Amino acid sequence: MDDFSVLGSPPPDAGLPVPAAAPTPPDAVERGPDALPHEGEASRPRRRSMDRPLEARPVLVDQVLDVCVARGVADLHVNPGAPPTARIEDRLVPLGSGVWGADATERFCRGLCSERHWHEVQDRGTTDFGIQHREGDRFRVSVMRQRAGYGAVLRRIPSDFLTFEEIGLPKTVPDLLKRHQGLILVTGATGSGKSTTLATMVNWINENYERHVITIEDPVEFHHSHKKSLITQREVGSDVESFAEAMRRALRQDPDVILVGEMRDLETIASALTAAETGHLVFGTLHTMGASQSVSRIIDVFPAAQQEQIRVQLAMSLLGVISQVLIPTTPGFLRPDGTKLPGRVAGLEVLVSTPAVANMIRNNDINRIVDVIQTSRDQGMFTLDDYLLDLVGRGWIEREMARGYTADTLMFDRRLNGG
């Protein structure tokens, strides 16, 4: 889950329910029903018949989701031979002491999957999809076959949208969203909060403008209802074959805004640039850190013979880059109003494209973009190191934690010390 929410530790001995054990085969009596398979067994994952219809989600799955929502769990890991384990403030915390064996985790994973997704696990070894909790929160689920059997990772996606102020985005971001065409990139590693930021941006447009917004995601995470805007949400794998195919079709579906959940391949990136040039506002994500690296990644995807043309296209269409990380906050720190900080806070870098930035992209002088960011704070730009300095100064994150995310540790220390 891309979360900026408060993550609380579970109370002692309050674990997840343990699935009932399957009948124990004769050769496993001495090991117990929840023991790991022998080495030879692990390499032969059990295949189940695909004829059994999945008529309803098993009670156990709902119980697990209930625990995750009640405890504010960000990520839940289910692996054979270990208790269900939650990621809380960058720590992996076992939820209770009950160990789930290979049979139990397989039943749980099977219960998560629809027939189509379970077929995909059997055929490809993994599947990704979204499911919804009864109270509205959604979970991004990845089920996989592994050495010891089957496992799953569930990432919780809160049902409420954050505001720009809660994320820490400057006022320049809503200004960019008022534009009718151009490309806005949201970048960062997996789990850095990109989906939350994108959902906030879509929700802001939805509340303020009459536009047709198409989102292309794998899987769909935040669900948007129609407010002032009309929202069309397409899931790759379920509604459309690929991101590239969805982008090709989107241009024929009268969009004003297009959200591309992943810009990985040349065809998808080329389609996004074309859409941004031809009267559409496009949001895209990259797994990159920093504005300069994000710009370089888009250009480097293309063959050398096309890169000059792509630099011109990108210079004309790029509106801004929001790059982010999620950083554990100072334990026990309270805001001036007495409220507790969330377990993690976003560290941000923001680039707003200006004529100077466009010229640097066009002339392949991308390394100088960071200089523009450093000298343009009055235009809503700042580097990650600048933002980290502010967070340390406010006491929100600890100095040593911040140093692990800086681009220039020596300069960061010097600035913290007043140098």
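Points worth noting:
- Of the helices (runs of 4 or more DSSP H) lying entirely inside region 122-220, those carrying at least 1 residues that are surrounded by fewer than 21 Cβ atoms within 10 Å (Cβ to Cβ) and touching a strand residue (DSSP E or B) at 6+ places or on another chain (Cβ under 7 Å) are 164-167, 172-177.
- Residue count for region 221-230 under the criterion of being within 22 Å of ARG156 (Cβ to Cβ) and either in contact (Cβ under 8 Å) with a residue 60 or more places away in the chain or in a strand (DSSP E or B) (or both): the result is 3.
- Residues that are of a type outside the set (A, V, I, L, M, F, W, C) and either without any contact (Cβ under 8 Å) to a residue 24 or more places away in the chain or touching a Pro at 6+ places or on another chain (Cβ under 7 Å) (or both), drawn from region 372-385: GLN374, THR375, ARG377, ASP378, GLY380
- When ARG377, ARG362 are checked against the criterion of being surrounded by 13 or more Cβ atoms within 10 Å (Cβ to Cβ) and at pLDDT 95 or above, ARG362 stands alone in meeting it.
- The residue of region 146-185 that is farthest from HIS77 (Cα to Cα), among those that are basic (Lys, Arg) and touching a Lys or Arg at 6+ places or on another chain (Cβ under 9 Å), is ARG156.
- Search result, residues across region 91-113 that are at pLDDT 90 or above, more than 22 Å from the chain's Cα centre (by Cα) and assigned to a loop (DSSP other than H, G, I, E, B): VAL99, GLY101
- Search result, residues across region 294-324 that are touching a residue at least 12 places away in the same chain (Cβ under 8 Å) and not in a helix (DSSP H, G or I): VAL301, PHE302, LEU318, LEU319, GLY320, VAL321, ILE322, SER323, GLN324
- Selection over region 226-256 of residues that are at pLDDT 95 or above and farther than 18 Å from VAL282 by Cβ gives a count of 3.
- Test: residue in region 273-289 that is hydrophobic (A, V, I, L, M, F, W, C) and surrounded by fewer than 19 Cβ atoms within 10 Å (Cβ to Cβ): no
- Any pair with Cβ under 8 angstrom, 6 or more apart, that starts in region 394-419 at a residue that is in the same structural domain as GLY168 (by TED's automatic domain parsing) and ends at one that is surrounded by 14 or more Cβ atoms within 10 Å (Cβ to Cβ) and of a type in the set (Phe, Trp, Tyr): ALA402/PHE412; ARG403/PHE412; THR406/PHE412
- Boolean, ARG344 is out of contact with any helix residue (DSSP H, G or I) (no Cβ under 6 Å at 6 or more places or on another chain), touching a residue at least 60 places away in the same chain (Cβ under 8 Å), under 21 Å from LEU162 (Cβ atoms) and not assigned by TED's automatic domain parsing to the domain that holds GLU89: yes
- Entry remark, region 64-90: residues being more than 19 Å from the chain's Cα centre (by Cα), farther than 27 Å from ARG147 by Cβ and surrounded by fewer than 18 Cβ atoms within 10 Å (Cβ to Cβ) number 2 in total.
- ARG134 being of a type in the set (Lys, Arg) and over 19 Å from SER114 (Cα atoms): no
Residue by residue, here is whether (1) touching a residue at least 60 places away in the same chain (Cβ under 8 Å); (2) part of a loop (DSSP other than H, G, I, E, B) holds:
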| residue | (1), (2) |
| --- | --- |
| LEU326 | yes, no |
| PRO336 | no, yes |
| ALA356 | no, no |
| VAL370 | yes, no |
| ASP390 | no, no |
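- Check on ARG87, closer than 29 Å to TYR387 by Cα, part of a strand (DSSP E or B) and at pLDDT below 90: yes
- When residues of region 233-269 are limited to those that are in a strand (DSSP E or B) and either assigned by TED's automatic domain parsing to the domain that holds THR127 or among the charged types (D, E, K, R) (or both), the one farthest from the chain's Cα centre (by Cα): ARG234
- Among the residues listed as ILE216, ILE184, the single one being within 19 Å of GLY320 (Cβ to Cβ) and within 20 Å of the chain's Cα centre (by Cα): ILE184
The values are calculated or read from the model by the stated rules, or taken from the named source; none is laboratory data. Given the structure is predicted, the values throughout are model-derived calculations rather than measurements. Backbone-built Cβ (ideal geometry, glycine too); neighbour counts: all protein chains shown.
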